[in-house]
1. Can you give the FRET efficiency for Leu341 and Tyr158, using 1/(1 + (r/R0)^6), R0 = 51 Å, r = Cβ-Cβ distance, to the nearest 0.05?
2. Taking the solvent-accessible surface of protein heavy atoms with a 1.4 Å probe, what is the per residue accessible area of the chain in Å²?
3. May I ask you to evaluate 6.51 cos²θ - 1.76 cosθ + 1.60, the Karplus curve with θ = phi - 60°, for each residue of the range 528-541 and list the ³J(HN,Hα) values in order in whole Hz, giving x for glycine and proline?
4. 222 nm [θ] for the chain, helices only, -39500 (n - 2.57) per DSSP H run of 4+, per residue, to 500?
5. In whole Å, how far is the Cα centre of the range 526-554 from that of the range 67-123?
6. Helix 733-745 sits at what angle to the longest principal axis of the chain, using alpha carbons and giving 0 to 90 degrees rounded to 10?
7. Nothing charged except the Cβ atoms of Lys and Arg (+1) and of Asp and Glu (-1): what's the magnitude of the dipole of the chain about its Cα centre? Round to the nearest 20 debye.
8. Amide H neighbours of Ala705 under 5 Å, at least 5 residues apart or on other chains, H built in the peptide plane: list them.
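The values are calculated or read from the model by the stated rules, or taken from the named source; none is laboratory data. Since this is a predicted model, take the numbers as computed values, not measurements. Counting neighbours? That spans all protein chains shown, and the Cβs are built from the backbone with ideal geometry, glycine included. Remember, those area values only see protein heavy atoms, side chains included, never the ligands or the DNA or RNA. Shrake-Rupley method; radii C 1.70, N 1.55, O 1.52, S 1.80 Å.
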Amino acid sequence: MTNDTHIPAPVSDDVKTLSAELAEPLAAELGLSPKEYEGVVATQGRLPSLTELYVYSLMWSEHCSYKHSKKQLRAFSSTGKHVLQGPGENAGVISVGDGWAVAFKMESHNHPSAIEPFQGAATGVGGIVRDIFTMGARPVAILDSLRFGTLDKPRQRYLFDGSVAGIGAYGNCLGVPTVGGEVYFDAAYEGNCLINAMAIGLMREEELTRAVGSGPGNHVVLIGSSTGRDGIGGASVLASQEFDEAAEDKRPAVQVGDPFEEKLLIEVCLELLKAGKLVALGDLGAAGLTSSASEMASRGGVGIDIDVRKIPQREDGMQPFEIMVSESQERMLAVVAPEDLDEVARRCARWGVACSPIGRITDTGRFVVRDSDLPAGLDIVADMPAEMLASSAPEYDPAMSRPSWLDELHEHPLDFVYATAAGGNSGGDDGGVGDGGVDDATDGAGAPFNAALRALLTSPNICSRAWIWRQYDHQVQNNTVVLPGADAAVLRIGDTGRGEVGTRGIAASTDCNGRYCYLDPWTGAQIALAEGMRNLACVGAEPAAITDCLNFGNPEKPEVFYCFSQAVEGLASACRHFGIPVISGNVSFYNESFGNAIYPTPTVGIVGIIEDIAKVATSSFKQAGDTIILVGETLDELGGSEYLCVTHGLVAGRPPSLDLKLEGDVQAAVREAVRAGLLESAHDCSEGGLAIALAECCVQGGIGAAVVLDDGLPQVSSLFAESQSRIVVSVADAGVEPFIDLLVAHAVPYSVIGETGGDRLVVEGALNMPLERMRALYEDTLEDLVTRR
């Protein structure tokens with residue numbers, strides 16, 4: 001929808017209803033199906049007004065109502081020993097001990113970012129941060145999960161560069177550190193990049209606030225920026241349809257952010273909440289004032305009455321429907337008792353933040369919108385039941401069918417991979433990935449898989465992400481214990497402003513391999529959870545809860561909805577097995593362009609608790625002479641692997657299998673060892689397999705390793721299989737025996753595979769590469785690819 005949308009003249013009536021001749025085609029233009037339009041008419045008991053039709057179209061859109069996913073999402077459990085607030089609020093909240101609580105949530109800003117990457121990504125950060133301080137928590141960290149097409153395409157480099165810059169610019173200006181995340185590049189995301197942002201906030205448990213309207217007669221107050229036409233129908237419209245040739249025409253629907261205004265909003269809102277001056281607080285995100293006000297009223301079982309002419313506007317001639325659905329950024333909606341209104345205004349003025357009473361809470365259960373510029377008796381432009389808007393949208397049971405590609409890809413023969421590898425060939429050349437111009441002559445002899453290692457180290461899906469996180473201020477607030485590039489981010493807990501810093505901390509990670517989910521959505525979704533938990537185990541954290549961002553194509557296509565349903569059921573099943581509640585999240589459908597859907601990408605954001613931040617492990621080898629132990633077991637499985645993709649250009653086979661019990665046992669053993677101080681390092685095996693895990697430990701620590709693998713598997717599988725439930729650890733001499741005793745007690749398989757030291761990574765009979773060469777390949781690739789012209 002563009003800003004010059006034709007606005008039909010309302011028919012003169014008590015509620016200014018449209019004629020059927022105008023209403024029906026406009027409803028279709030706004031995305032309402034004929035049946036949904038009939039539902040609007042039935043709910044209203046008459047034809048809708050122009051404003052009502054716009055409001056219903058957004059509140060019943062996919063992005064706001066979850067009408068295609070609600071039934072599946074009920075499979076998730078949201079209860080647990082740490083949970084203080086589950087789904088249904090702006091963010092989930094958990095208790096993390098000593099009276100502290102953490103709020104966190106992940107959301108998508110995919111469609112706006114595909115149109116305008118800098119502002120799309122920046123406002124995605126702004127929106128998720130508002131969800132956090134709405135709960136009464138001070139934002140303390142941002143993580144992201146990003147997907148783009150391959151970097152040989154100029155447009156993909158533009159999207160990637162712009163999105164990273166937008167995330168960094170907004171977070172840096174706010175003074176909130178971006179401490180971790182992930183990024184993948186695949187042709188499947190060429191038409192639709194994914195920008196998933198996760199934010200974490202810290203508060204005392206008693207400071208938890210909910211966006212529940214209450215107290216008829218209380219004021220409804222808009223705090224923050226003025227309202228403009230920027231972002232009209234932004235996230236709610238863009239995220240509820242596929243992209244096509246008209247995508248550029250949607251640029252006006254992309255919101256524009258102001259992080260400095262949001263910083264002021266954070267401070268004044270937290271001050272007002274702490275002073276007890278706000279009855280309720282909500283942020284204006286998708287569908288703007290319409291969504292925030294109707295949800296607040298619905299949660300409290302009250303009504304709300306708003307006058308659009310009391311809302312500060314930055315553009316002339318705005319119509320009531322434009323004001324109500326604008327997604328202008330940096331705005332909050334508060335409920336304030338009459339006796340506190342002057343004090344709220346005074347504190348807002350002190351921070352230089354606008355504060356405008358725009359309406360009242362009522363006892364009618366109705367969402368009423370007025371335009372006081374109109375004559376008395378004709379000033380009501382919308383009158384709707386708040387409950388129907390916020391929580392009674394239609395629910396659908398889309399058709400499902402198992403995609404034909406699953407059986408085809410599962411049955412794809414992979415024997416040739418072993419044949420070429422057995423001949424000392426990693427699969428021909430470097431899979432089309434350059435080696436950074438480093439001279440092959442520096443490699444040692446007897447290393448038939450060096451070419452494969454070079455290709456993987458320079459894969460955009462594996463190489464160092466330092467180019468990304470160097471653009472983020474990841475140490476602002478001085479709470480970052482483990483820096484980006486580790487298995488999980490680690491933050492200390494405490495009021496550092498008052499010097500009250502305890503020993504507790506939290507760890508966080510975002511994870512999902514879309515390729516696995518494409519090959520098997522059930523198993524792929526479970527692996528996303530398992531890897532997130534494994535990353536936490538590597539730093540010694542106990543997983544407490546997750547948020548998710550479920551990114552899929554058009555749910556009205558049976559094969560897409562099958563993958564969505566399978567992924568949700570698989571993830572829910574794994575969460576129940578591990579006792580991990582899902583306390584918040586987001587569904588992003590319609591990630592398709594010209595009929596081509598993205599890989600199913602159910603991203604998991606996980607937060608865990610650390611009892612003592614002095615006892616965490618990192619992934620780098622620490623000193624020569626330590627024993628290297630592989631916890632877990634490598635299997636002969638190359639399906640869906642980065643090796644297969646990079647060296648053979650093939651996505652096929654089945655993804656790695658996952659034994660949930662073994663996964664839990666491996667994590668428990670390693671977590672216990674980290675907390676006992678037995679490990680010098682811990683690093684999970686994921687993309688690229690054991691060879692890449694070892695290379696990363698060497699490069700990050702500046703120490704080589706000598707390894708012998710005698711697992712009885714083909715060498716190519718020993719090195720590059722992406723078997724789950726594996727962690728590479730290094731152990732000083734004094735810790736070897738007690739650590740092995742611990743593994744035996746947990747009945748976890750393990751192998752002593754080598755020793756740290758030297759200036760090379762040597763895997764007997766397979767790899768022999770100098771440390772400096774691996775470093776050059778690993779650390780320089782991403783920047784070289786992005787700056788390619």
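1. Given R0 = 51 Å and the Cβ-Cβ separation, E is 0.60.
2. Ligands and nucleic acids excluded, the result is 33 Å² per residue.
3. Once θ is set to phi - 60°, the couplings for the range 528-541 become 4, 5, 4, 5, x, 5, 5, 4, 5, 4, 5, 9, x, 9 Hz.
4. -10500 deg cm²/dmol
5. Using only Cα atoms to place each centre, the spacing works out to 13 Å.
6. That helix lies at roughly 70 degrees to the long axis.
7. Once rounded to the nearest 20, the dipole reads 1640 debye.
8. Close amide H contacts, sequence-distant or interchain: Gly757, Arg760, Leu761, Val762.
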